[in-house]
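These notes concern the structure reproduced below.
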Amino acid sequence: MRSRGFTLVEMLIAMVIVGIMGIALVAFLRTQHQTVVRQNSGVLATQNARAAIDMLARELRNAGYSPRGALSAAQLGTIQSDSVSWTADMNADGDTLDSSTGVWDERVAYFEEGSAMMRAAGGGGGTAVTDNVDSLRFTYLDETGAATADPAVVEQVQIRLYYSTPDGVQSGVIESQVAVRNNIYAN
């Protein structure tokens with residue numbers, strides 16, 4: 001009587017098939033992991049860009065702010081296509097200039113430096129608000145909606161932040177339009 005079992009050839013064929021299936025499974029799982037990592041990177045880049053634009057919009061909306069109630073035209077300083085600066089009396093001392101140092105203690109600026117969106121305050125150096133910035137663009141509009149280069153008549157600011165993921169695979173743009181409150185109400 002012949003014993004039942006597997007021959008060496010059958011065992012080798014089965015091992016080869018299981019090995020191929022294992023390699024295919026590992027390749028599939030690796031691809032899925034890379035996809036999840038890329039998606040998370042894209043979501044994180046979008047969230048960072050949105051948070052940076054929201055922060056900029058909130059601060060810019062209050063340009064020229066005075067807690068003492070004296071509304072004057074927003075004191076926009078630099079208005080360029082890639083940067084903006086302004087003053088606001090945020091500490092309620094009645095001025096925006098530190099008389100002891102002669103430095104604008106309440107000047108705020110946003111600009112692009114390298115691949116980061118920077119925020120500078122009080123005349124100091126900037127700190128990064130978000131990274132992976134491809135471009136930061138501002139358009140300044142007067143009361144009629146026409147583009148202007150005169151800081152005294154700016155009533156709206158359009159902001160566009162172009163960003164990408166660190167690996168450059170995904171990119172996007174976040175846009176916001178800000179009404180500069182104190183310019184609108186001062187007129």
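As a test of understanding, state the convex hull volume per residue of segment 102-161 from its alpha carbons, in Å³. List each step's numbers first, then the result.
Numbers: hull volume 5.8 nm³, N = 60.
Output value, Cα hull per residue: 97 Å³.
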Cut-off is 10 Å between beta-carbons; in what order do Leu44, Leu60 appear when sorted fewest neighbours first? Leu44, Leu60
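Please work out how much length the chain gains when fully extended from Thr144 to Thr78, using 0.36 nm per residue of separation minus the C-alpha to C-alpha distance, in nm with one decimal.
Numbers: separation 66, 0.36 × 66 = 23.76 nm, distance 2.11 nm.
Extra length from Thr144 to Thr78 when fully extended: 21.6 nm.
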Under a crude label model (7 Å from the Cα following the beta-carbon direction), how far is Glu175 from Gln47 in nanometres? 2.6 nm
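Every number here is computed from the coordinates shown, using simple stated rules; none is lab data. Just so it is clear, the model here is predicted, and its values are computed rather than measured. Please note: Cβ atoms are built from the backbone with ideal geometry, for glycine as well, and neighbour counts cover all protein chains shown.
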